[in-house]
Structure formats: C-alpha cells, structure tokens
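Asks: Okay, handing you the structure first.
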Amino acid sequence: MTATTTTVEAAVRVERVSRVYGHGAAAVHAVQDVSFTIAPGELVALVGRSGSGKTTLLNCIGGLDRPDEGRVVVDGREVSSLDEAGLVELRRDVVSFVFQTFGLVPVLSAAENVGVPLRLRRMPTPDREARVQLLLDLVGLGGHELQRPAEMSGGQQQRVAIARALASSPRLLVADEPTGQLDTETGTAVMALLRAVVEAEGMTAIVSTHDPLMMSLADRVVRLADGRLVDA
Ligand SMILES: Nc1ncnc2c1ncn2[C@@H]1O[C@H](COP(=O)(O)OP(=O)(O)O)[C@@H](O)[C@H]1O
Ligand SMILES: [Mg+2]
C-alpha cells in the first residue's frame, strides 16, 4: 500500500462464502460463492425472496453457523475459523442479533431481558440498571420496564429485542427480517428506530428484509437470488 492510498479496514468482509446443507442428490446450495464488504458505520439491506439464502448468510456472518467454503472477517476477527469459545466471545462482545421472532425470554421482564447481555459481562448492578433504563428510553419503552413479553405488542417486543441487542455496544448488528412479523405501521417505526440507533451508536449493520422502506433507509442493498449475489 502506498502512502497516497488510505484504505479503511472493512467492518465485515465476506469472501467467497458457500454453505451447503445435506449431501449428494439431496444437497441444498443455500449460499454460493458470495463476496462483499461492509464499511464501518454502513447499514446494508440484504434482500432476496424466501429461500434465497439470507438467513444462512447472516448466520455465517454472525458466527451462528459456519461456511463450508470461504471466510468471514468481522472487525478484524476471522469468524469462520473461531473455536466455540471464540464464537461465544464474538457473540458477547462484537455481534448482536435481532430476529424476526424477537427471541425474548418469556419469564423475564422487559428490563431483565435488556439486562441479560450486561449480566453476561458481569456489569455491576447499579451500572446495569442505569444502562437498561437508558436503552428502554432510547427505544421508547420507558414505563414498560416490568412488563413481560406476553404483555407487550409485537412492535414493543421487537423494540425490547433491539434494546437488548444494543446493550453490549456491539460493533455489528445483524437483523434477520426484524419487521417480518409486524404490521406495516409498526414495522416502519421499528425500521426508523433501527436506522436511528445504528447512526447514533456508530454501529455497522446488516438487515435482511422484504420491505422497500428498509431498503430505502439502507446505505446500500445487497441482493441474493438462489444463494448467489446479484447486481443491485
Ligand atoms: N437447516 C437446513 N437444512 C436444510 N436446508 C436448509 C436449512 N436451512 C435452510 N435451508 C435451505 O437453504 C436455502 C436458503 O434458506 P434460508 O437461508 O433460510 O433463506 P432465506 O432466509 O432467504 O429465506 C433454502 O432452500 C432452504 O430451504
Ligand atoms: Mg430467512
């Protein structure tokens, strides 16, 4: 590299990633030879019809699954070669997920759900409680601290899940169809919230979606068809 070219290290580097489920005649090539990078602070929308490989790719990026070929580098760490302990650390300290089905713990209150990642990091109780309050306020759920998931609407539950995802100040937020179970109006509000928090926290994010509005809020759209990248 010469002194005149400054290259910012990508926040996410996906290099020739493939993931095959099953073997032989039953093999499903869920992701095939996909490469792209995400710059720090960028919000990328991952789009493609159902079955195009979005969830598989997101799971490989966030360390929930491993590619069969290729590699993934997040924040300088080669995710695809981490051992179990490394993956646990990655999910605790670097990457947070938001899922379509929220994934909250039913027996815990909103505040307790948001506090889970902070307990894992052994944050002292007063600090944890203060941060949980700040996060719930940020997502517009001040006053709902004690409610359990079943006592909240879908949109409120997803906002709790977003607050929980933000709790550990991840470098990368991975959201898999976060508005897929929400009505249009609620989904729009959740998307605007995601866009705003990514910006406010200086995070990098990749969000799979069918929603044209989410695509318009993204900095860039990455499109999959039958497991392959297609030009947007
Ligand atoms: N655990 C699995 N076992 C076998 N096939 C799977 C599995 N998960 C996903 N697939 C298949 O891989 C392809 C991509 O699926 P997926 O990544 O879930 O796509 P999307 O999230 O875009 O709907 C689909 O053909 C799907 O049926
Ligand atoms: Mg999916």
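Asks: Just to be sure I understand the model, the point goes 7 Å from the Cα along the line to the Cβ. What's the resulting Ala192 to Glu145 distance in nm?
Replies: Computed distance between label sites Ala192 and Glu145 equals 2.7 nm.
Asks: Taking 35 Å as R0, compute the FRET efficiency from the Cβ-Cβ separation of Asp231 and Leu134 and round it to 0.05.
Replies: 0.25
Asks: Give the peptides 87-97, 221-231 in descending order of average Cβ contacts within 10 Å, highest first.
Replies: With the highest mean Cβ count within 10 Å placed first, the list reads 87-97, 221-231.
Asks: Can you list which of the GluC sites (Glu not before Pro) found in segment 1-84 are DSSP loop residues with at most 16 other C-beta atoms within 10 Å?
Replies: Taking segment 1-84 and a limit of 16 other Cβ atoms within 10 Å, the loop GluC sites (Glu not before Pro) found are Glu9.
Asks: If you don't mind, there's one more thing I want to ask. Determine the sum of side-chain charges near Leu224: Lys and Arg each +1, Asp and Glu each -1, restricted to other residues whose C-beta is under 10 angstrom from that of Leu224.
Replies: With Lys, Arg at +1 and Asp, Glu at -1, the net is +3.
Asks: Another one. If R0 is 25 Å, what FRET efficiency do you get for Val105 and Ser35 from their C-beta distance, rounded to 0.05? It would help to have the intermediate numbers written out before the result.
Replies: Values: r = 36 Å, r/R0 = 1.46.
The value I calculate is 0.10.
Asks: Local charge sum around Val31 (other residues, Cβ-Cβ under 12 Å, Lys/Arg +1, Asp/Glu -1)?
Replies: Local net charge: 0.
Asks: Given R₀ = 41 Å, what would the calculated FRET efficiency be for Glu84 paired with Glu185, taking r from the Cβ atoms and rounding to 0.05?
Replies: 0.50
Asks: Compute the acute angle (0 to 90°) between the alpha-carbon long axis of helix 125-138 and the principal axis of greatest extent of the alpha-carbon atoms of the chain; round to the nearest 10°.
Replies: On a 0 to 90 degree scale, this one is about 80.
Asks: Let me ask something else about it. What ranking, highest mean first, results for peptides 100-111, 123-134 when packing means the other Cβ atoms within 10 Å averaged over each residue?
Replies: Packing order, densest peptide first, comes out as 100-111, 123-134.
Asks: Any chance you could run the full-extension gain for Ser153 through Ser50? It's 0.36 nm times the residue separation minus the Cα-Cα distance, nm to one decimal.
Replies: Stretched out fully, the Ser153 to Ser50 stretch lengthens by 34.6 nm.
Asks: Take peptides 48-60, 146-158 and line them up by average Cβ neighbours within 10 Å, highest first, as a rough protection proxy.
Replies: Highest to lowest by the protection proxy: 48-60, 146-158.
Asks: Related question: Could you compute the net charge surrounding Arg49? Neighbours are other residues with a C-beta less than 11 Å from the C-beta of Arg49; K and R count +1, D and E count -1.
Replies: Taking every Cβ under 11 Å from that of Arg49, the sum is +1.
A short reminder: the numbers here are calculations on the coordinates, not readings from a lab. These numbers come from a predicted model, not from an experiment. Because the Cβ atoms are built from the backbone with ideal geometry, glycine has one as well, and the counts that use them run over all protein chains shown.
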